[in-house]
Amino acid sequence: MVDIFVSKDSLQRALRVAGRIFNAIENRGHRVKLAPFNEYLWRPDLEERKRYWEWSWDRWCPDRPTVAYIGTVTIGLTLYETYETQTGRWRDGKWIRVNRPRDYRPGPRFWEDPVETRRLPTGLFVLRAFSPYPNVRWMNFWSEAKRGELVAKAESIAEEIEGAAPTVAALAEAERIRVEQWRQKLEEERLERERQEMERRRAQALKDSHDQLLAIVNTWALANNIEAFFADLANRTAEVESEEERRVLLTRIEKARELLGGTDALRHFRLWKAPDERNRPT
């Protein structure tokens, strides 16, 4: 749907006004159309809201922006009707303006229709041209003080829109550079995080390898000391007179040796991992 936001009574005149302006732009060699889906263009709301949960009639927006292609530059277009805030009440099917919330009259109390504050269309139009590129802020407005002024200014409006194309292009290019720099910064930060993580892993692997090797050496040294202890026990068992008691003692000594892993240094060393082996994928 074309980006025309007006009251029902003003719709036909709004279509004629938009048509005159669009034709004036196209007569200068440009195109006016609905934006394609794949261009990812945006259309700002007609009125900014301070609280996101507020909702009103002026929050409506078309499915896609209406845009003018000025060469390689895209400019969005919106034709909308202004409103004025009025205080009044409905009486006999008509809206009657009032200047105060309630009429106070002498005499008995009587029922009055409730007073309301409403936004009512004025019949005057505003053409808004804007940048449809995300994060590129540029807008211009042409408004009517009385009906028919936008049609009379259609040619000058088209000329101004055409002249604004270099400004929008420069802003879009600046935003493209900013986004590219932001992406480069993110990539550099990612690479730095990866470098730091690799350095941390390398240092951890070096520490773990060092600690494991020391543990193997200490275990081997302790095993040798214990083996000397077992050898002394084995020698002393020869002094035991009972054959059965000697056999039991020798069995217990062998079990004790197995529990401590023995004194085979090569077997222990085979279990050790060098730092570069610890970072290999499993």
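The values are calculated or read from the model by the stated rules, or taken from the named source; none is laboratory data. Predicted, not measured: the structure shown is a model, and the values here were computed from it. No Cβ is skipped: glycine too gets one built from the backbone with ideal geometry, and neighbour counts run over all protein chains shown. SASA here: full protein model, heavy atoms, side chains in, ligands and nucleic acids out. Shrake-Rupley method; radii C 1.70, N 1.55, O 1.52, S 1.80 Å.
Keeping the other protein chains in place, figure out the carbon and sulfur percent of the accessible area of region 141-190, with a 1.4 Å probe. Working shown, then result.
On the way: 1780 of 3300 Å².
Carbon and sulfur together cover 54 percent of it.
For the pair region 15-33 and region 140-198, the centres of their Cα atoms are 22 angstrom apart. Each of Glu227 and Ala215 was given a label point 7 Å from its Cα along the Cα-to-Cβ line. The distance between the two points is 2.1 nm.
Tell me, in nm to one decimal, what length is gained between Leu120 and Trp60 on full extension, where the rule is 0.36 nm per residue of separation less the Cα-Cα distance? Numbers along the way, then the final one.
Working: separation 60, 0.36 × 60 = 21.60 nm, distance 1.61 nm.
So the chain would gain 20.0 nm between Leu120 and Trp60.
Extension gain, Glu173-Arg190: 0.36 nm per intervening residue step, less the Cα-Cα distance, totals 3.6 nm. With a cut-off of 13 Å between beta carbons, the residues surrounding Gln184 carry a summed charge of 0, where Lys and Arg count +1 and Asp and Glu -1.
Could you report region 133-230's accessible area per residue, 1.4 Å probe, as an integer in Å²? List each step's numbers first, then the result.
Details: 6910 Å² over 98 residues.
Per residue, region 133-230 has 71 Å² of solvent-accessible surface.
For the pair Thr72 and Asp92, a Förster radius of 45 Å applied to the C-beta separation gives a FRET efficiency near 0.20, rounded to the nearest 0.05.
Annotation: peptides 235-247, 195-207, 61-73, 114-126, ranked by per-residue average of other Cβ atoms within 10 Å with the highest first, follow the order 61-73, 114-126, 195-207, 235-247. As a rough guide to protection, the peptides 19-31, 174-186, 137-149 ranked by mean Cβ packing within 10 Å, highest first, stand as 19-31, 137-149, 174-186.
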